[in-house]
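What follows is calculated from the coordinates using simple rules that are stated; it is not laboratory data. Here the structure is a predicted model, which is why all the values come from computation and not from measurement. We place every Cβ from the backbone using ideal geometry, glycine too, and count neighbours over all the protein chains shown.
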Amino acid sequence: MDKVLEMHAITKQFPRVLANDQVDFDLEYGEIHALVGENGSGKSTLMNILYGLYQQDAGEIVVRGRPVQINEPRVAIDLKIGMVFQHFMLVEPLTVAENIVLGAELKKGLFFDSKRAVQEVENLSRQYGLTIDPRAKIADLSVGLQQRVEILKALYRGAEILILDEPTAVLTPQEVEDLFKVLRTLKAKGTSIVFITHKIKEVLALSDRVSVLRRGRKVGTKATAETDEQNLAEMMVGRVVLFNVDKKPAQPGPEVLRMEQLTVEDQFGQVKVDQVDLSVRKGEVLGIAGVEGNGQSELVEAIAGLRKAASGRIFLGDREITNSSPLKVREAGFGYVPEDRHRRGLVLDYTVADNLILGIHGKKPFVKGCMIRDDQAVYENAEQIIEQYDIRPPVAKQLARSLSGGNQQKIVVGREFTQNPDLLICAQPTRGVDVGAIEFIHQQVIAQRDQGAAVLLVSAELDEILSLSDRVAVMYNGKIVSVMSADEVTEHKLGFLMLGGRLEDYGANEVNGHAK
Amino acid sequence: MGEVLALLFNTAVFAAALRMATPLIFAALGGIFSERSGVVNIALEGMMLIGAFTAMFVSHQTGLPWLGVVGAVLAGIVIGLLHAFFCIHYRANQVVVGTAINIFAGGLTVFLLRYYFGAAGTSPSVPTIPDITIPVLSQIPWIGRIIGRQNPLVYLALLAVVVAHLVVYRTPWGLRLRAVGEHPRAADTVGVHVFRMRYLAVALSGALAGLGGTYLSIAHLSRFSEGMTAGRGFIALAAVIFGKWTPYGALGACLFFGYADALQMRLQDVGVPTQFMNMLPYVLTMVALAGFIGKSVGPKASGEPYIKG
């Protein structure tokens, strides 16, 4: 088959890293080509070069048989290349139609013809079956719909080559299914698609071919049908990866965390957590599944002392910690891996060593006398955690900012886990973390459980919930709608409950033939 | 009390309010264009001052006040481009650059005033743009006495508000302007030239602020005096925020501030201290910023330099 796109020996050097090292990539007409690799392996760089956001230092790009110089996005657009970015390129106060036509507006005299823009968007959305209200403001749309706008934006410009950079990172499982349907439709209409991801399941579910990058170099390209999960993971990480966390049945003990009728409001006075009763026992992992924004964050923050509870009570062991300060909660035996590691988990401009004592920096053995910092103890602590948690590069004096996402997360995990808390909350512990590090963090969570910690796991990743939890609670619209033991749970059932379905109705829905 | 009430609705006070508002309106529109493109323009004050001086100077040299208007606009564009160059090209802190321009403008105008006219404080009297009477409008009772006879620049300011609204909300350029000020990278990825848009917007901002200055020196008065803008650039900035970055909103705010200004002169006779009225625009702006009058949220990328790639 003919190639719509060929990239030959693309090399891109950034100040400190060689992001792409002689990478070859090609795309056939009407195929879905998955581009996979761990974070920092150079996938996005390669595609940003194709879209004209970066220029390659060496190498050649050939589009439809003709060598091209793409030095700005406009050139890429003219070559009918479209890109959907991981962080959406949408202007929030503008409408859907305005965003779609921006830069290629239709005119009526001197003026912008907004009526025709709306019409064109309606036509386009009908043609591709991508339902959307052209007059809605972006700020009012869900993440899934915003992504749809991004796709329409590319189609409006006549994109025949569509690049999607980690499009599923922000979507719920149902939205992912919808996206896949859309992409298959586009493929059927002749669009050639590059799909960047680090999730192997998605590669297998969607793509025709797959190319793997590792540390800026291409490891190989294969027909998807000729590969499998294990094989791809090995190509990505460079070693054998275990998927199933090896875990023994839980030995739950007494209750460690108990919430009674807990209600939490956000800063605007909206109820985000609505009279929740929930408890976590020693030696078990309780997973909270739910689409993001259903109150999980507020729930966790209320426990951690970062947000006031409007009513209700929280107990840690036999101490009440309702509306205690974060320090008090920590002293009661609490460890916390926050969902936003950059904002809450790390000080990016501190060294790894300093980050590893955050929160315990005022305690022995890190202070001598009454207030003098003991550097030796700080670095001994750092060396130990770096080794135990395999933080790379293993340099205690390096700034946290310079590490990859996965290694930054290992700093947080290492710091929190080594304090052996009675209660451990892990919120999205593997977000943006690559396969190798996910495996490691999962093993550590189970190790904490086996040492007797009560673990509360909040995750939007169903796989993670399913493979780690001993019990699963589903949160929807601020309420806990169901608590099940791990053996009653399936991915499908969770997805149904997460979107507000009721357990009684679950069977009925199944009969109606929910396509899988 | 009746005396005060009569004052509040006096047509002469309204007419004066419109005159006091005119320089603010020009400058505020300038502020809107700049901020909408993502560049904070705290230099409105300095741009007005240089505009006021240039207008006076050109009018003095040529005897043609309208040529003074052109000169002031060009001077405003030059200062605008200077501001843009440091803010966009060198990504300097926009507030610092703006402050520097204000200080520079204060010094430069004083220096030039003394150099050319040897006079301390004020320039000689120069030819001004005369007021005009609008035939039909001036015949309408009450309203006619307010807007029937005014300076052409007053009418130009009102017209500029309407044009600015159309440009910002109804043209492709305006759509791009708003996009660039909210999410420059998004605009960049669809082929909109972020830097070009910002340079244009800040230059336009300078031109409008220059026009505002013009009104002060060769329409409202017939001379330039040191520091004659007296903080009007900042009041205009307040009007931008108060008017939620929209031309009509800013017009309302400017009219209100102009009214307060006009009233102030009259109220002195009744015994209200000037300082109290001078304080009003700022107090109101703080009230607006504190969110009492709905939320006033500016363009998201305002004040942030754009770095390509």
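At a glance:
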quantity: Contour excess over end-to-end distance, with Cα ends at A:LEU18 and A:VAL483 and 0.36 nm allotted per residue; calculated: 162.6 nm
quantity: DSSP-defined antiparallel bridges as percent of all bridges, chain A, nearest 5; calculated: 55
quantity: Restricting the stretch A:351-442 to trypsin sites (Lys or Arg not before Pro) in coil, as DSSP defines it, with at most 11 other Cβ within 10 Å; calculated: A:LYS363, A:LYS397
quantity: Computed over chain A: relative contact order in percent, which uses C-alpha pairs under 8 Å that are six or more apart; calculated: 14
quantity: Alpha-carbon centroids, the stretch A:3-80 and the stretch B:51-124: separation in whole Å; calculated: 49
quantity: Percent of alpha-carbon pairs separated by more than 29 Å within the stretch A:3-237; calculated: 27
quantity: Within the stretch A:265-309, backbone nitrogen closer than 13 Å to the virtual label 7 Å beyond the Cα of A:ASN323 toward Cβ; calculated: A:265, A:307-309
quantity: Mean separation of Cα contacts under 8 Å (6+ apart) over length of chain B, as relative contact order %; calculated: 37
quantity: FRET efficiency, 1/(1 + (r/R0)^6) with R0 41 Å, evaluated for A:GLU122 and A:THR221 via beta carbons; calculated: 0.55
quantity: Added length on full extension, which subtracts the Cα-Cα distance from 0.36 nm per residue, B:ILE307 to B:PHE104; calculated: 70.3 nm
quantity: Cα point-scatterer Debye curve for the stretch A:402-516, base-10 log of I(q)/I(0) at q = 0.10, 0.15, 0.20, 0.21 Å⁻¹; calculated: -0.36, -0.73, -1.09, -1.16
quantity: Spin-label pair B:TRP173/A:ASP374, simplified geometry with 7 Å Cα→Cβ offset, distance in nm; calculated: 6.9
quantity: Distance between modelled label sites at A:ILE360 and B:ILE143, nm, 7 Å Cα→Cβ extension; calculated: 7.7
quantity: Along chain B, longest interval not containing exposed trypsin sites (Lys or Arg not before Pro), exposed being DSSP loop plus at most 16 other Cβ atoms within 10 Å; calculated: B:92-294
quantity: Paramagnetic label zone (point 7 Å from Cα along Cα-to-C-beta, A:ASP450; backbone N under 17 Å) in the stretch A:213-253; calculated: A:242-253
quantity: FRET efficiency for A:LEU499 and A:GLU72, using Cβ-Cβ distance with R0 set to 41 Å, rounded to 0.05; calculated: 0.50
quantity: Inter-chain shielding of B:298-304 (mean C-beta neighbours from other protein chains, 10 Å cut-off); calculated: 1
quantity: Within chain B, longest stretch clear of exposed chymotrypsin sites (Phe, Trp or Tyr not before Pro) (DSSP loop, no more than 14 other Cβ within 10 Å); calculated: B:143-291
quantity: Gain upon complete extension [A:ALA136, A:GLU6; 0.36 nm per residue less C-alpha separation]; calculated: 43.0 nm
quantity: Alpha carbon centroid spacing (whole Å) that separates the stretch A:238-285 from the stretch B:224-284; calculated: 57
quantity: Rg followed by Dmax, in Å, when chain A is reduced to its Cα trace; calculated: 24.6, 78
quantity: Over the stretch A:82-193 - Rg/Rh using Cα atoms and the Kirkwood inverse-distance radius; calculated: 0.95
